[in-house]
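A short worksheet on the structure shown next.
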Amino acid sequence: FQLVSGFAFNLDMSFPEPFAGVVDALKFLNVDIFTVLPLTCSFEASYRGSLVASTLTPLLFALTFLGFHTYQHFHTKFVDRSRFFFQGFLLILYVVLPSTSSKCFAVFRCSEYEVSADGDVAYYMAVDHSIDCSSTRYKAVFTVAVVFILVYPVGVPLLFGVLLWRDRHELMSPEVLALLAEHKSEGMTLRTSEGRREIRNKLSIILFSAATRGKGRYSLEDPEADSNWAKVSANHKLSFLIGPYERRVYWYEVIEVLRRLSLSGTLVIFGAGTIFQVFAACAICLISIKVSTFYSAFE
């Protein structure tokens, strides 16, 4: 619903009733503070102010949860409770990611208007017609958007990936670990051809091996393995990220996050309402379907 509620703007299209009414009613799921609360009734807000508030507010909440987690993690009597706050930190980032990303990428969309009888045109922001896209005011908004693009669409998937990679030895399936052990080497580095080849081999095992896909001799059902993974995924501090997936592809949430981002505000970059954008959106959907069937990741 978060993705669908943004399609009308991102794709520059309109839906027929009653579907349009349903989509409008579900916009609150994007957790936009200016949508949920009638703040514009109290004061006049620019898009830059709306952008900063909509991106900073959830970030402050997330960092507060992370702070509680860090504090309690180093106090033995609070260790069990610290996992709750870390889960809250991850949940906030997950929920607000589509809306904050769309808010940032919306800055890239400017609408063309004819401003004189001679056919002269000017470009104004599609989300705020008071901002000329050639003005210094627009450059300020653009700069803020780029900063938060690094925080949300770039930073959140990267953060999830780093957290999952850091605990890989605990989370990887025994089959994948066994295959990786066969290619174990000391001091892998990108500086040498041997090191680069070794890194490629390990990535190939993690992403494309039969053990990762659950094919061949790795496709046998093992009740004990399933129960072991259920215990690990339920009690791990990253259970929010790994819970829905099979152990062999515990990292699949990163791919899912990238899919959500690709189908949210990122589509604006391809040109709202253009044939190229339609082609890109269809290609993203088809690739997502192919990746999903390739891994069969969900429990």
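Under 9 Å by Cβ, and 6 or more places apart or on different chains, what pairs join a residue from segment 38-67 that is at pLDDT below 90 and open to solvent by 30 Å² or more (accessible area, probe 1.4 Å) with one that is among the small types (Gly, Ala, Ser) and not in a helix (DSSP H, G or I)? Filtered contacts from segment 38-67: Leu39/Ala45; Ser46/Ser130. Of the residues in segment 112-133, none is open to solvent by 40 Å² or more (accessible area, probe 1.4 Å), farther than 26 Å from Thr266 by Cβ, of a type outside the set (Gly, Ala, Ser) and in contact with a helix residue (DSSP H, G or I) (Cβ under 9 Å, 6 or more places away or on another chain). Candidates are the residues of segment 194-225 that are open to solvent by 80 Å² or more (accessible area, probe 1.4 Å) and among the charged types (D, E, K, R); the one that is modelled with the lowest pLDDT is Glu221. The requirement of being open to solvent by less than 40 Å² (accessible area, probe 1.4 Å), out of contact with any strand residue (DSSP E or B) (no Cβ under 7 Å at 6 or more places or on another chain) and outside any helix (DSSP H, G or I) is fulfilled nowhere in segment 182-193; no residue meets it. Give segment 242-294 a look and list any residue that's assigned to a helix (DSSP H, G or I), without any contact (Cβ under 8 Å) to a residue 12 or more places away in the chain and surrounded by 15 or more Cβ atoms within 10 Å (Cβ to Cβ), or say none. Glu256, Phe270, Ser292 - these are the residues of segment 242-294 that are assigned to a helix (DSSP H, G or I), without any contact (Cβ under 8 Å) to a residue 12 or more places away in the chain and surrounded by 15 or more Cβ atoms within 10 Å (Cβ to Cβ).
Identify, from the list Val162, Val107, Val127, Val151, the residue that is within 18 Å of Phe61 (Cα to Cα) and within 26 Å of the chain's Cα centre (by Cα). Residue meeting the stated conditions: Val151.
The values are calculated or read from the model by the stated rules, or taken from the named source; none is laboratory data. If you're wondering where the values come from, they're calculated on a predicted model, not measured in any experiment. Every residue, glycine as well, gets a Cβ built from its backbone with ideal geometry; the counts of neighbours run over all protein chains shown. Ligands, DNA and RNA are excluded from the accessible area calculation, which covers all protein heavy atoms including side chains. Shrake-Rupley method; radii C 1.70, N 1.55, O 1.52, S 1.80 Å.
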